[in-house]
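Visitor: Let me give you the structure first, and then I'll get to my questions.
The values are calculated or read from the model by the stated rules, or taken from the named source; none is laboratory data. Predicted model only: the values in this text are computed from it and were never measured. Positions of Cβ are generated from backbone atoms using ideal geometry, with glycine treated the same way; all protein chains shown enter the neighbour counts. Side chains are part of the model used for accessible areas, which takes the heavy atoms of the whole protein and leaves out ligands, DNA and RNA. Shrake-Rupley method; radii C 1.70, N 1.55, O 1.52, S 1.80 Å.
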Amino acid sequence: MADFILITGDKAMFNPNFGQAIVTVRPGDLIGTGKDKINQKLVCIDGDEKKVTVPGCSYITPQYSIPGVGMLFIQSLAGNQKAQKTKSGGKPVLLKGGQFQAKFTVMVPAQQPSAPSPIPDTTPQYSGTGTFISMNQIVKGT
């Protein structure tokens, strides 16, 4: 099914629920490396999603109420987010599609209040989801 092609400047919007963790999310920026342009911006191709990182996001969990900090990544795309036929420079273009799988990697663990010292969260990463917001509302790929 045809969907809008992602371009440089489009946003990866992460959902705040990452399992037990509630993350204070910010959007990630897509930077296209395709050979073609839409609205004078390079199209995004397979692999560009791996370069999206959003550092410095705080998080808490029900058990660990003192906030920690981590980084958001796109772990994998949904099947409808990579074009089957439309290519740029020989690689499939990325489409708006449904929800991608996201990963939150803990850099500074959240902590559980405890005397004499707080107990750190031992979970190194959490899984979640997100969607793309595209400025391209004209050109679709399949």
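Visitor: Within region 70-88, track down each residue that is touching a Lys or Arg at 6+ places or on another chain (Cβ under 6 Å) and open to solvent by 60 Å² or more (accessible area, probe 1.4 Å). Let's see the steps before the verdict.
Guide: Filtering region 70-88 for residues touching a Lys or Arg at 6+ places or on another chain (Cβ under 6 Å) gives 73, 75, 88.
Gln75, the sole residue that qualifies.
Visitor: Are any residues in region 71-126 touching a residue at least 60 places away in the same chain (Cβ under 8 Å), hydroxyl-bearing (Ser, Thr, Tyr) and under 18 Å from Thr53 (Cα atoms), and if so, which ones?
Guide: Tyr126
Visitor: Next question, about the same structure. For region 88-116, which residues satisfy the criterion of being aliphatic (A, V, I, L, M), in a strand (DSSP E or B) and either modelled with pLDDT under 95 or under 13 Å from Phe18 (Cβ atoms) (or both)?
Guide: Going residue by residue through region 88-116, those that are aliphatic (A, V, I, L, M) are 93-95, 102, 106-108, 110, 115.
Next cut, in a strand (DSSP E or B) only: 93-95, 102, 106-108.
Ala102, Val106, listed by residue number.
Visitor: Restricted to region 40-63, and to residues that are touching a Gly at 6+ places or on another chain (Cβ under 9 Å) and assigned to a loop (DSSP other than H, G, I, E, B), which residue is farthest from Ser88 (Cα to Cα)?
Guide: So the residue we want is Thr61.
Visitor: When you go through (1) more than 28 Å from Tyr126 (Cβ to Cβ); (2) crowded, with 17+ Cβ neighbours inside 10 Å; (3) not charged (D, E, K, R) one by one for Gln40, which number turns out not to apply?
Guide: (2)
Visitor: For the subset of region 9-30 comprising residues that are open to solvent by 40 Å² or more (accessible area, probe 1.4 Å) and not in a strand (DSSP E or B), which member is nearest to Ser88 (Cα to Cα)? Write out each step before concluding.
Guide: Here is the first cut: in region 9-30, the ones open to solvent by 40 Å² or more (accessible area, probe 1.4 Å) are 11, 13, 15-17, 19-20, 22, 24-27, 29.
From the residues that got through so far, the ones that are not in a strand (DSSP E or B) too are 15-16, 19-20, 24-27.
Details: Asn15: 29, Pro16: 32, Gly19: 36, Gln20: 39, Thr24: 34, Val25: 31, Arg26: 29, Pro27: 25 Å.
Going through the qualifying residues, I end up with Pro27.
Visitor: Pick out the one residue from Pro62, Pro67, Pro92 that is open to solvent by less than 60 Å² (accessible area, probe 1.4 Å) and over 14 Å from Thr129 (Cβ atoms). Steps first, answer last, please.
Guide: Working: Pro62 fails: open to solvent by less than 60 Å² (accessible area, probe 1.4 Å); Pro67 fails: open to solvent by less than 60 Å² (accessible area, probe 1.4 Å).
Exactly one residue qualifies, and that residue is Pro92.
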